[in-house]
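K.L.:
My questions will all concern the structure given below.
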């Protein structure tokens, strides 16, 4: 995911809606911080962007994509200790461990394709060869399919593709082409037949039928531009989009595609997560703040905390089984440059 220069960050405002005042009173702010910092692990000598993080619980490891160095950094999930630096990648981005196996898929933007490694030994087990520019990866448990976004302007292509993969075999099943050079995050319904995907340069969310693998709707993002991150509250029919220009949370109704709420978020966000149990969003910005937003009801949201993090802390992974949030720190936003991973307890 592209980085950008750090912009001034205006203080987050509370939801300005008089009609929601009674709702806000009924959901008082928590008496303790929703996130407590447990520790930070730094990896000196890295001065590029930190992309996706992945918690591989069966082997107690955290994998971090150091995309600009072509390496994958591996940490102990419990202690934060740095375990290994894996080399030989071109531009690693995202990870997925195939259920019931030790096969870890690492999406890689290089021409050799995405790599499959053993998450215990790091040995190479194979490759998934698609178009250049493999970036975003997403697994849909309801269909047991893995999706990889390829193409785009980062590899000098005018189009992007969504590739449907059998993750156990690495075999390409279907491919959908977009008339777009910048396609980003996606989410799939677990009790429905749709996939939602950010088409950032068109400023829209495309809706894909799982059955036909075709676009069946296009929902415009009105106002803020460059929609990058996405999370889903399927039970309440809400899709959470975070834009870059300016940095905003945009909430869409998945029944209509209409915007139901918009709020400012910390600037320069590369990841966001929805906590189903607590009905919260965690949105880290490179300005050094994690915004924590409470869903009061499907149409009303409120900032309940602005948790200090670090300059450059903008990508994340929330691990519900551990009640922990891991945030990657890209070092180019601070002096001195120092990449790292922050670990928070979620309360």
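Just so it is clear, none of the values below were taken in a lab; they were calculated from the coordinates. Predicted, not measured: the structure shown is a model, and the values here were computed from it. Reconstructed Cβ throughout: ideal geometry from the backbone, glycine too, with neighbour counts over all protein chains shown.
K.L.:
Based on the Cβ-Cβ distance of residue 32 and residue 321, what FRET efficiency does E = 1/(1 + (r/R0)^6) give at R0 = 25 Å, to the nearest 0.05?
P.N.:
Calculated transfer efficiency: 0.70.
K.L.:
Identify which of 148, 105, 57 has the largest mean-square fluctuation in a Gaussian network model of the chain, with springs joining Cα atoms closer than 10 Å.
P.N.:
57
K.L.:
Here's a follow-up. Per the helix-only calculation at 222 nm, which mean residue ellipticity applies to the chain, given -39500 (n - 2.57) for every DSSP H run of n ≥ 4 and division by its residues, nearest 500 deg cm²/dmol? Walk me through the intermediate numbers first.
P.N.:
On the way: 1 runs with 6 residues, N = 347.
Here the helix-only value at 222 nm equals -500 deg cm²/dmol.
K.L.:
So if each residue of separation counts as 0.36 nm, and I subtract the Cα-Cα distance between residue 335 and residue 174, what length gain in nm does that give? Mind showing how you got there, number by number?
P.N.:
On the way: separation 161, 0.36 × 161 = 57.96 nm, distance 4.54 nm.
Using 0.36 nm per residue and subtracting the Cα-Cα distance, I get 53.4 nm.
K.L.:
Right, next: How would you order 210-217, 43-50, 316-323 from highest to lowest mean count of nearby Cβ atoms within 10 Å?
P.N.:
Details: 210-217: 12.9, 43-50: 18.8, 316-323: 16.9.
Ranked from most to least packed, the peptides come out as 43-50, 316-323, 210-217.
K.L.:
Between region 226-253 and region 159-177, how far is it from one alpha carbon centroid to the other, in angstrom?
P.N.:
The distance from the Cα centre of region 226-253 to that of region 159-177 comes to 25 Å.
K.L.:
Any idea how far apart residue 47 and residue 129 come out in nm if each label point goes 7 Å out from Cα toward Cβ?
P.N.:
3.6 nm
K.L.:
By how many nm would the segment from residue 297 to residue 83 lengthen if fully extended, with 0.36 nm per residue of separation less the alpha-carbon distance?
P.N.:
Numbers: separation 214, 0.36 × 214 = 77.04 nm, distance 4.23 nm.
Result: 72.8 nm gained on full extension.
K.L.:
Bin width 5 Å, origin at 0, all Cα-Cα pairs of region 136-176: what percent of pairs per bin?
P.N.:
6, 23, 29, 21, 11, 8, 2
K.L.:
Based on the Cβ-Cβ distance of residue 306 and residue 276, what FRET efficiency does E = 1/(1 + (r/R0)^6) give at R0 = 25 Å, to the nearest 0.05?
P.N.:
On the way: r = 22 Å, r/R0 = 0.89.
With R0 = 25 Å, the Cβ-Cβ based efficiency is 0.65.
K.L.:
If each residue of separation counts as 0.36 nm, what is the full-extension length gain between residue 213 and residue 259 once their alpha-carbon separation is subtracted? Please report the intermediate quantities before stating the final value.
P.N.:
Values: separation 46, 0.36 × 46 = 16.56 nm, distance 2.48 nm.
Taking residue 213 through residue 259 to full extension adds about 14.1 nm, to one decimal.
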